[in-house]
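Below is one structure; the comments refer to it alone.
We did not get these values from a lab; they are worked out from the coordinates using the rules stated. Treat the numbers as computed from the prediction; the structure is a model and nothing was measured. For neighbour counting, all protein chains shown are included, and Cβ atoms are generated from backbone atoms with ideal geometry for every residue, glycine included.
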Amino acid sequence: MTLNTIDAKLLQKMFLAGAKSIEVKKEYINELNVFPVPDGDTGTNMTLTIMSAAKEVSTIVNPTIEDLCKAISSGSLRGARGNSGVILSQLFRGLTKEFAEHKQINVIVMANAFQKAVETAYKAVMKPKEGTILTVARGGAERAAELANETTDLVYFGAEVIKRMEEVLARTPEMLPVLKEAGVVDSGGQGLLEIVKGAYDAMLGKNVDFTIAPATTSTSSAMKKVDVENIATADIKFGYCTEFIIMVEKEYNEKKEHEFKGYLESIGDSIVVVSDDDIIKVHVHTNDPGLAIQRALTYGSLTRMKIDNMREEHNERLIADASAQAAKNIEMAEVKKKEPRKPVGFVAVSIGEGINDIFSGLGVDYLIEGGQTMNPSTEDMLNAIDNVNADTIFILPNNSNIILAAEQAKALTEDKEIVVIPSKTVPQGITAIINYVYDKSTEENQKRMIEEMTRVKTGQVTYAVRDTNIDGKEIKQGNIMGIGDKTILSVGTDVSETTLDLIENLVDDDSELISLYYGAEVTEEDANQIADQITEKYPMVDVEVHMGGQPIYYYVLSVE
């Protein structure tokens, strides 16, 4: 088979096929993430980004290349989530700029478009890092440029470009030591390759499912309907959080413990088994708690049994959180729109009820929830900007994976001055807004806020969702991890012990204040107990305890 040109109809099929291809592989791509944290992952972010464009593309009945390019560029830019999603949207932006100038696409146009895509994406990233999606894209563009003078056949061209991208992807562990240590290739590069492969299959005429869910009416993030059932099904593989203590009555040695853990791994995840003299504390997420209980009874009697339906709790929490925040945002927005535009406003990404209250108390006008488990899109940022009635708006992303989306929203905003404070954590965001001074200029405040937040050391305590090796640490699924600003600092099986170990890694002779924000799964009593232990160990350091209410992370803390 040979093919010399691609028309609008075929381009539409190719794009939709690429979108479906990554959607099918998104969980596999998620598994390639180096950090085993339960956050919004690369596969999910790239899928949501391209699906935002695919929904627009799928509604075009009689497509022209120009119409398709507008839909692809606009849809992906607005729907971009996470760093990988933003980079993907910039690749599409560059690609479509070249495509839009032609009625049909041949090898020359395709090669030029690949080059334009890479140039656009590299410009969008302040400090491009090799061994990532950018490197894989550049490898494909370089091979495309070589082929432009060798062939007019798009079939041969496509096969060779994919081959080069696969070769570059395979080399990414040699470019980024962290990938090599974890034994994986770059997840963003893998995601891009899946999209290109899907598009290539459609070009060859292979049988591909082009069905894309119909686009919903675009609304502000406060008005978006949460598809609770789908979110719960996607995020929660095992539905019951099962905890109990075994009062050991029979032989239980290291071999028995290994066998018991192996059995629990066969029926669930998030496993923690801690032995202490004559008791064994067990935690497991499973779809059949009875199986875990039956096996546990072979070692002794059980006490303090607790079984929670996580899907039900997750649904209730999502509905409650979304409804409460939607009502608050709508009320605030409607009131503020009736007022004269004020000089300065604030938007912050938040992660829990208590954190919401703290930011609101500090003067934030609009809160976007979902920073950890679901990265907000560029459109979420634009909706927030639209709802803040101010000439200048400071955005606090509070997550390193959201900063690019905020910057993209800034670039798309014309009627307001947008200042993105590159806060990578919630404590950095809190420190930044505390240091805003109303009688200072925008430039002075921007400099002051960034300087002050960079003095803050942040720690986060969560659980591992997969086995991995990173920074010389062997991590097992279900382990508790203490994560610093750049890497994992402590690993253990107990939340309190791991939290204290993390703090020990962060505190130095200059430390004056430790702020502890406890999550939804932690009681105030437990948080205060840890605070007392911190005070006892570091009597010269002040300790503050706040209810954060964040999911996933047992504690978010700062050391200043």
Region 483-521 scanned against label point 7 Å out from residue 306 along Cα→C-beta; backbone N under 14 Å for 495-496, 519-521
Pull up all non-local amide H partners of residue 489: gap of 5 or more, or a different chain, and H-to-H distance under 5 Å with H placed in the peptide plane. 482, 483, 484
In nm, to one decimal, how far is the residue 67 label point from the residue 450 one, both placed 7 Å along Cα→Cβ? 4.4
Taking the alpha-carbon centroid of each part, what is the distance from region 1-41 to region 112-162 in angstrom? 16
Once both labels are modelled 7 Å past Cα along the beta-carbon direction, what's the residue 123-residue 391 spacing in nm? 3.0
Sticking with the crude label model, points 7 Å out along Cα→Cβ, report the distance from residue 443 to residue 265 in nm, one decimal please. 5.8
When a footprinting reagent is the concern and you count Cβ atoms within 10 Å, what order do 365, 526 take, fewest first? 526, 365
Mean separation of Cα contacts under 8 Å, 6 or more apart, over the residue count of the chain: relative contact order %: 13
Over region 235-312, relative contact order from alpha-carbon pairs under 8 Å, at least 6 apart, %: 52
For region 1-144 the mean separation of alpha carbon contacts under 8 Å (6+ apart) over residue count, i.e. relative contact order in percent, is 22
Of all chymotrypsin sites (Phe, Trp or Tyr not before Pro) in region 392-462, which ones are in loop regions per DSSP and have a Cβ with at most 15 other Cβ atoms within 10 Å? 438
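Where does each of 69, 241 land when they are ranked from fewest to most other beta-carbon atoms within 10 angstrom?
Ordered from fewest to most neighbouring Cβ atoms within 10 Å, 69, 241 come out as 241, 69.
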For the chain, convex hull volume per residue from C-alpha positions, Å³: 164
14 Å reach of a label modelled at residue 281, 7 Å along Cα-to-Cβ, counting backbone N of region 517-556: 522-523, 526-527, 529-530
Ordered by residue, what ³J(HN,Hα) values in Hz, to whole numbers, does region 8-13 give under the Karplus form 6.51 cos²θ - 1.76 cosθ + 1.60, where θ = phi - 60° and Gly and Pro are x? 4, 4, 5, 4, 4, 4
Sparse-neighbourhood loop hits (GluC sites (Glu not before Pro), region 486-520; DSSP loop; Cβ within 10 Å at most 13 others) -> 512
If each residue of separation counts as 0.36 nm, what is the full-extension length gain between residue 357 and residue 474 once their alpha-carbon separation is subtracted? 38.4 nm
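By how many nm would the segment from residue 414 to residue 258 grow when fully extended, if each residue of separation counts as 0.36 nm and the alpha-carbon distance is taken off? Display every interim value, and only then the final one.
Details: separation 156, 0.36 × 156 = 56.16 nm, distance 6.02 nm.
That works out to 50.1 nm of additional length.
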Check: C-alpha center region 242-278 vs C-alpha center region 504-545, spacing in Å is 31
Potential lengthening between residue 537 and residue 163 on full extension [0.36 nm per residue; Cα-Cα distance subtracted]: 128.9 nm
Residue-count net charge about residue 418 - beta-carbon cut-off 11 Å; Lys, Arg +1, Asp, Glu -1: -3
Please quote Rg/Rh for region 353-412 to two decimal places, taking the Kirkwood radius as Rh and restricting both calculations to Cα atoms. 0.94
Rg to Rh for region 473-559: what is it, with Cα atoms only and Rh by Kirkwood? 0.94
Taking a threshold of 21 Å on the Cα-Cα distance, which of the pairs 129/180; 9/197; 129/410; 424/473; 424/476 fall above it? 129/410; 424/473; 424/476
